[in-house]
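Have a look at the structure below, then the notes.
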Amino acid sequence: MVNNIIEVKGLYKDYSQGRVKALRGINLDIPEKSFLALAGPSGSGKTTLLNIIGGLDIPDKGEIIFETRSLKNMDELALTKLRSERIGFIFQQFNLIPVITALENVELPLEILPDYSKQRRRDAAKDILKRVGLEGMENRFPTQLSGGQQQRVAIARALVKNPAVILADEPTANLDGETGNKVVDLMKKMRDELGTAFIFSTHDQRVMDRAEVLVHLVDGRIQS
Amino acid sequence: MTLLRLSLRNLTRHKRRTIFTSLTLCIGLSMLIVSMGFLDGADRQSFDNLIYYQTAHGKAMMEGAFEDEFVSLDYAFQDADKIVENVRIQSGILAATARLRSNGMLISGTQEIPVIVEGIDLEFDSGVFKTLDAIVAGETLEPGTSGALMGEMLARDMEMQPGDIFTLLVRSAPGALNPIQLKLDGIVATGNPAIDRMNVFLPLHLAREMFILPDGATEIAYKVNNEKKVPEITEQLQDELPALNWYTWRELSADFIGFADLKRIGSGIMLSIFVIMAAVGIGNTMIMAIHERAREIGTLRALGFTPSSINKLFLLEGAYIGIIGGFIAVILGSIVVLLFQKYGMSLEQYGDMDIGYPIRDRLYAFWTLKSVLGAFIFGILLSLIASYGAARRAARGQVVRALREGML
């Protein structure tokens, strides 16, 4: 039996005092180790859904059950703790911290976790950078890396704490086709090796084709 | 550790901006340090002057004499020499001397001016005061002669030179007016306008004759061997010789010290405005930083950094700017203060103008760790306060908006 890692129940979200209806009754079960793509045009609610699943935004109605716990009952600090321990994020623009090296960027999420000594942090960060194919580039600053390499660092940063799920918002949108494919391949490989679920938004057909589960969003509703 | 490192690295993003902001603070703090150095120097010189020429380490007087604004023989006492001898044998006392002070009228040619007549014991006075070392023209007083010394400003006002003859008119203790003709032996410049403008010094025996107070005095002044023990020794003298009231130099100078403290506070407030303006610059820099880095702040929050960590991150950046600016200011300010401590600043341009301190010729700054450290800590605290608004805004910003729009 496959357990659901996330259950989305009747999710509604409006913006601009109700003028923009971002989500209109989303119901979705996401099993462990999923490789799920949220597809849809701009403004279809993909990013909003990812933000709410990640506890960055609050729905107007409905709830998220994350590993049997409802996010509805969590305060800001509990949500922050959940993110620090169980959820990884990957962003379209990579969002690496430019003043620290690739290795330090990957170490960053571990520094706020208890029980991680300096050496353990360093070892874990080096190991994951090796896994994403960036061995030897640990001491480079983000500006010294290509777009694809930066996104690999971002993937390593999201994976380093062994989260249950990684939420990736348009992870290939800022990359050329070939590099984008490589990034998706890497994400899938990491899912296979580490068992981390990946939920990513995209409007790129080639990326959609590689997803194991494809969820189409149109005007805040699931179409298929 | 992460926050410390990250905030330090963040300062390197816009090096010019960091340097400019730190320098602004540095200039304000340097001015504060230099001004405090001059105030400390002025205090030190003034306190030395008061001790050397006016209050000694302490004085004994009749009850009511210190509180009375007017110099009067009503507060004279007898057996002064015996009391001085008694004081000299007390532990901790280095020297003691008697002085006899009262009012008088100085008459020279057609000019006359009210003065303070002060009889000084030529044998013992130099052990306690430096009045006899402050002669700038003429010569010192000789025992048994009818010579006098007078303050530099008084001599100038009366157009008198050493060797001139003048008349001193005083009222003796029994109440009779008593004129005496004296030769001006020398002119003293103590730097204390109260003395240099008003005082005529005579040998004690002559003053006692004029005031008809054999073995009389209006005060006993003493010098101790350890300045820190002045209050303790004064208390001991009060117990041993209770017929007189004994005061420490700080008690005798309470008005001046209070005034100096007020001036220090006033100057501190004035100069703090410069530092506060610099701190506003830091606040602006931090606001610019949070707007530029909104997306990063959102990312850190998404990674699990708490709002208080974000707050600390920006406060640390502000503190670093304060530390950099403060550190440079400590070095620059200290160099300037130490230079003025060695060479001083000429006061010639002020002439006879009362600058509010008993100081003449040159004003010397004085370096104190307290003032320098105080300015340094003040700079850091102000930087923290200036950064607080921006840091709070960064911590409270909406994560989703920061990530999506790059705005807080």
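Brief remarks on what is shown
- For the peptide B:115-127, the mean number of other protein chain Cβ atoms found within 10 angstrom of a residue's Cβ is 0.
- Nitroxide proxy distance, nm - points 7 Å out along Cα→Cβ at B:Glu112 and A:Ala173: 10.1
- Angstrom value of the Kirkwood radius, inverse mean 1/r, which spans all Cα pairs in the stretch B:205-246: 12.2
- Average beta-carbon neighbours from other chains, 10 Å sphere, peptide A:106-114: 4
- Dipole orientation for the stretch B:250-323: of the candidates B:Thr299, B:Ile323, B:Ala278, B:Thr299 has the Cα lying most toward the positive pole (charges on Cβ; Lys, Arg +1; Asp, Glu -1).
- Legend: calculated FRET efficiency, B:Glu240 to A:Asp60, from the Cβ-Cβ distance at R0 = 51 Å, rounded to 0.05, equals 0.05.
- Other protein chain Cβ atoms within 10 Å, averaged over every residue that makes up A:52-61: 2
- Interchain or long-range residues, amide H under 5 Å from A:Gly88's placed H: A:Val165, A:Ile166, A:Leu167
- Within straight-line reach of A:Lys72, meaning a Cα separation under 13 Å, sit the following aspartates and glutamates at least 8 residues removed in sequence or on another chain: A:Glu7, A:Asp57, A:Asp60, A:Glu63.
- Every Cα-Cα pair in the stretch B:63-243 was counted, and those over 22 Å apart are 46% of them.
- Cα centroid of the stretch B:1-46 to Cα centroid of the stretch B:275-336, whole Å: 13
- Amide H contacts of A:Leu217 (H built 1.01 Å from N, in plane; Pro and chain starts excluded): A:Ala39, A:Gly40, A:Gln223 sit under 5 Å, all sequence-distant by 5 or more or on other chains.
- Coarse-grained scattering of the protein assembly as shown at q = 0.06, 0.07 Å⁻¹, given as base-10 log I(q)/I(0) from a Debye sum over alpha-carbon atoms: -0.56, -0.63
- Using the 1.4 Å probe convention, the accessible area of the protein assembly as shown works out to 46 Å² per residue with neighbouring protein chains retained.
- A simple count of charges around B:Thr299, restricted to other residues whose Cβ falls under 11 Å of its Cβ and scoring Lys, Arg +1 and Asp, Glu -1, yields +3.
- Seen against the Cα atoms of chain A and their longest principal axis, helix A:118-131 is set at about 80 degrees.
- For B:Lys223, the lysines whose Cα comes closer than 25 Å to its Cα, not counting residues fewer than 8 places off in the same chain, are B:Lys59, B:Lys82, B:Lys130.
- Each other residue within a Cβ distance under 12 Å of B:Ala254 adds +1 if Lys or Arg and -1 if Asp or Glu, for a net charge of -3.
- Dipole magnitude for the protein assembly as shown: computed about the Cα centre from +1 point charges on Lys and Arg Cβ and -1 point charges on Asp and Glu Cβ, it is near 5420 debye.
- Here the Gaussian network model covers chain B, with springs between Cα atoms less than 10 Å apart; of B:Gln236, B:Gln54, B:Gln111, B:Gln111 fluctuates the most.
- Student exercise, chain A dipole from Lys, Arg, Asp, Glu Cβ charges, in Debye to nearest 20: 80
- Sequentially through the stretch A:44-49, phi angles give Karplus couplings (6.51, -1.76, 1.60; θ = phi - 60°) of 7, x, 4, 5, 4, 5 Hz, Gly and Pro residues having no value and appearing as x.
- Note on chain A: with neighbouring protein chains present and a 1.4 Å probe, carbon and sulfur make up 45 percent of its accessible heavy-atom surface.
- Residue with peak Gaussian network fluctuation, chain B [Cα springs, cutoff 10 Å], from B:Met153, B:Met61, B:Met270: B:Met270
- Around A:Gly62: net Lys/Arg minus Asp/Glu count, Cβ-Cβ under 11 Å: +2
- Those lysines that a straight Cα-Cα span of less than 26 Å connects to B:Lys263, excepting residues fewer than 8 apart in one chain: B:Lys228, B:Lys342, B:Lys370
- Space enclosed by the convex hull of the alpha-carbon atoms of the stretch A:62-116, per residue, Å³: 119
- Between helix A:147-159 and chain A: long-axis angle, C-alpha atoms, 0 to 90°, nearest 10: 80
- Computed magnitude of the charge dipole of the stretch B:63-243 (debye, nearest 20; Cβ of K, R +1, Cβ of D, E -1): 240
- Evaluated at q = 0.10 Å⁻¹: base-10 log I(q)/I(0), Debye formula over Cα of chain B: -0.75
- Computed accessible area, B:Lys130, all protein chains, 1.4 angstrom probe, square angstrom: 80
- DSSP beta bridges confined to the stretch B:63-243 are antiparallel in about 75 percent of cases.
- Gained length - B:Lys370 relative to B:Ser172, 0.36 nm times residue gap less alpha-carbon distance: 66.2 nm
- Surface listing: A:Ile6, B:Ile328 arranged by accessible area from highest to lowest gives B:Ile328, A:Ile6, probe 1.4 Å.
- Interface size A-B, as summed buried accessible area [1.4 Å probe, Å², nearest 100]: 2200
- Measuring only protein heavy atoms, the 1.4 Å probe finds B:Phe340 accessible over about 70 Å².
- Close Lys pairs in the stretch A:100-224, defined as Cα atoms under 21 Å apart and 8 or more places apart or on different chains, number 13.
- Options B:Asn49, B:Leu29, B:Leu39, ranked by Cα towards positive dipole end of the stretch B:1-49, top entry (Cβ charges): B:Leu29
- The shape of the stretch B:259-408 can be summarised by an equivalent ellipsoid whose semi-axes, obtained from the alpha carbon gyration tensor, come to 45, 14, 11 Å from longest to shortest.
- Note on B:Thr306: accessible area is roughly 40 Å² with a 1.4 Å probe, heavy atoms of protein only.
- Secondary-structure-derived ellipticity at 222 nm for chain B, considering helices only, amounts to -17000 deg cm²/dmol, per-run term -39500 (n - 2.57) for DSSP H runs with n ≥ 4.
- Scanning chain B for long hydrophobic helices, with DSSP H runs required to stretch 27 angstrom or more by C-alpha along their axis and to average at least 0.0 on the Kyte-Doolittle scale, returns B:15-49, B:254-292, B:307-343, B:369-396.
- Protein-only accessible surface at a 1.4 angstrom probe places the residues B:His57, A:His216, B:His14 in the order B:His14, A:His216, B:His57, largest first.
- A convex hull fitted around the alpha carbon atoms of chain A yields 130 Å³ per residue.
- Heavy-atom accessible area order for B:Leu132, B:Leu338, largest first, 1.4 Å probe: B:Leu338, B:Leu132
- Each of B:Val372, B:Gln238, B:Gly397 was scored by the projection of its Cα onto the charge dipole of the protein assembly as shown, and the greatest displacement toward the positive side belongs to B:Gly397; charges sit on the C-beta of Lys, Arg, Asp and Glu.
The values are calculated or read from the model by the stated rules, or taken from the named source; none is laboratory data. Remember, predicted model here, so these are calculated numbers, not experimental data. For neighbour counting, all protein chains shown are included, and Cβ atoms are generated from backbone atoms with ideal geometry for every residue, glycine included. Quick note on the areas: whole protein, heavy atoms, side chains included, nothing else; ligands and nucleic acids left out. Shrake-Rupley method; radii C 1.70, N 1.55, O 1.52, S 1.80 Å.
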